[in-house]
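Heads up, the thing below is written out as structure tokens.
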Amino acid sequence: MTATGVHLRYAWIVTDLDGTLVDRRLRIVERSARALRRYQELGGTVVVATGRNEVSAGRYHRELGLTTPLIVYNGARITDPGTGARLLDLDLGGLWPAVRDELVPALPQDVGAVAFSGQDAYVLRHSPALAAYAARDRIELGSAPPAGPPTKVMLISERPGLEPLARLVGATCPAARLVQSEDTYLEILPPGAGKENALRHLASAHGMPLARIAAIGDNPNDTAMVRAAGLGAAVGDGHEQVRGAADLVVGACALGAVADLVEHVLGTGHPA
């Protein structure tokens, strides 16, 4: 995974999936796909960084024809799709008993909870919102908690406004890393996880300066990654937090936000 396009100021483009490259119909926006192919033809490297796991993200990775490592579980894991090797693999470790035995029983009734371990998902607290999430993302839910500490736990609320949930998690397991991946999704991650930390890990392993990386996202879980990259871009219809942190605000996801970034990087267009 070396940059052959040394003439490119930004040798890597790191993109989020949902709401950035993938639209609300769960399809890769074709204009963005074409732009990424063009960027790769010129020697650029494309990396996906997502809250999904490698199974859920893998179909998009394959559709794009990528062979690069996948940053999954919001940076708690990096996998090599070719070998299945885990280049980074964090879990909740000693935080898991507090999450399972104290936090989950204290959750409001309308909040669902799901634990992700390995490549599987396990229901910790049922809710209609959790069922809708699983159906949308085609996730099969196991009915028993995982045997060991999971990679992450996601809380799914019926409505936006996650501050009370964040305070509850903070009181129960203050060492956990919290990220908001949608208006109604609050993710509990291992300390040290995060897309930006995973990007730093991967870039260091390949000798790639962050200054030569462009990154794009749409939700608060992308904010630190966008800040860390040499060029940070926000989707135009994304969360205000990301837009405020970005060097560049491009167009809406459905109109080809990632294509706007590619055109900016290549100097061939003028993103909105």
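Below, the figures for the structure above:
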| read-out | value |
| --- | --- |
| Condition check for LEU88: of a type outside the set (Val, Ile, Thr), over 28 Å from LEU255 (Cβ atoms) and at pLDDT 95 or above | yes |
| Close pairs from the range 174-203: first on the phi > 0 side of the Ramachandran plot, partner buried (at least 19 other Cβ atoms within 10 Å of the Cβ) and assigned to a strand (DSSP E or B), Cβ under 9 Å, at least 6 apart | GLY192/ARG177; GLY194/ARG177; GLY194/VAL179 |
| Matching option when the condition is under 29 Å from GLY44 (Cβ atoms) and touching a Phe, Trp or Tyr at 6+ places or on another chain (Cβ under 7 Å), among ALA193, ALA229, ALA214, ALA224 | ALA214 |
| Residues located in the range 50-94, provided they are buried (at least 16 other Cβ atoms within 10 Å of the Cβ) and out of contact with any strand residue (DSSP E or B) (no Cβ under 8 Å at 6 or more places or on another chain) | SER56 |
| Search result, residues across the range 118-136 that are touching a helix residue (DSSP H, G or I) at 6+ places or on another chain (Cβ under 8 Å) and either aliphatic (A, V, I, L, M) or surrounded by fewer than 13 Cβ atoms within 10 Å (Cβ to Cβ) (or both) | ALA121, VAL123, LEU124 |
| Residues (touching a residue at least 40 places away in the same chain (Cβ under 8 Å), of a type in the set (D, E, K, R) and under 24 Å from HIS7 (Cα atoms)) located in the range 17-72 | ARG31, ARG34, ARG38 |
| Considering residues of the range 121-135 that are among the aliphatic types (A, V, I, L, M) and part of a helix (DSSP H, G or I) only, the residue nearest to ARG159 (Cα to Cα) | ALA129 |
| Number of positions in the range 222-245 that are closer than 18 Å to VAL48 by Cα and either in contact with a Leu (Cβ under 7 Å, 6 or more places away or on another chain) or free of Cβ contacts under 8 Å to residues at least 60 places away in the same chain (or both) | 13 |
| Residue within the range 44-67 that is at pLDDT 95 or above, within 21 Å of ILE213 (Cβ to Cβ) and acidic (Asp, Glu) present | no |
| Residue count for the range 79-129, restricted to those that are more than 17 Å from the chain's Cα centre (by Cα) and closer than 17 Å to LEU168 by Cβ | 24 |
| Residues of the range 215-233 satisfying the condition of being surrounded by 24 or more Cβ atoms within 10 Å (Cβ to Cβ), more than 15 Å from ASP23 (Cα to Cα) and of a type in the set (A, V, I, L, M) | ALA215, MET225, VAL226, ALA229, ALA233 |
| Residue in the range 107-117 that is under 22 Å from TRP96 (Cα atoms), surrounded by fewer than 19 Cβ atoms within 10 Å (Cβ to Cβ), hydroxyl-bearing (Ser, Thr, Tyr) and at pLDDT below 95 present | no |
| Yes/no for VAL249 being surrounded by 21 or more Cβ atoms within 10 Å (Cβ to Cβ) and at pLDDT 95 or above | no |
| Enumeration of residues in the range 144-157 that are over 21 Å from the mean Cα position of the chain (by Cα) and either farther than 27 Å from LEU88 by Cα or surrounded by 11 or more Cβ atoms within 10 Å (Cβ to Cβ) (or both) | PRO145, PRO146, GLY148 |
| Positions within the range 112-159 being over 25 Å from ASP23 (Cα atoms), touching a residue at least 24 places away in the same chain (Cβ under 8 Å) and among the β-branched types (Val, Ile, Thr), in sequence order | THR151 |
| VAL14 being crowded, with 23+ Cβ neighbours inside 10 Å and farther than 15 Å from ALA203 by Cβ | no |
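Quick grid of which residues meet (1) over 15 Å from LEU261 (Cα atoms); (2) touching a Lys or Arg at 6+ places or on another chain (Cβ under 8 Å):
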site: LEU21; (1), (2): no, no
site: TYR39; (1), (2): no, no
site: THR45; (1), (2): no, no
site: GLY51; (1), (2): yes, no
site: ARG59; (1), (2): yes, no
site: TYR73; (1), (2): yes, yes
site: ALA76; (1), (2): yes, yes
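The values are calculated or read from the model by the stated rules, or taken from the named source; none is laboratory data. Quick caveat: nothing in here was measured; it's all calculated off a predicted structure. Cβ: placed from backbone, ideal geometry, glycine included. Neighbour counts: every protein chain shown.
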